[in-house]
Amino acid sequence: MTFTPNSGLVKVWISLVMTGTYKLDEVPNLFNLKPIVSEVINRTA
């Protein structure tokens, strides 16, 4: 399984990190979830 920036789970984690509910290092290492979330957040920050 490979996540993309448009995947639902990626969008959920992006919103959780952006609102401060979780920190970026708390995103689970599930397939490529953490690198994609990091990439999107770093691109928008």
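Each value in this text was obtained by applying a stated rule to the coordinates, not by laboratory testing. None of these values were measured; they are calculated from a predicted model. Counting neighbours? That spans all protein chains shown, and the Cβs are built from the backbone with ideal geometry, glycine included.
Okay, here's what the table says:
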read-out	value
Normalised contact order of the chain, rounded percent, pairs of Cα under 8 Å and 6 or more residues apart	46
Principal-axis tilt of helix 33-44 within the chain, Cα atoms, nearest 10 degrees	50
F31 versus L16: modelled label distance in nm, points set 7 Å from Cα along the beta carbon direction	1.6
P(r), alpha carbons of the chain - 10 Å bins starting at zero, rounded %	31, 62, 6
Residues whose placed amide H lies under 5 Å from that of N32, excluding near-sequence neighbours	F3
Value of [θ]222 nm, deg cm²/dmol, for the chain, DSSP H segments ≥ 4, -39500 (n - 2.57) each, nearest 500	-15500 deg cm²/dmol
With Cα atoms, 0 to 90° folded angle of helix 8-18 axis to the chain main axis	20
FRET efficiency for T44 and T2, using Cβ-Cβ distance with R0 set to 25 Å, rounded to 0.05	0.75
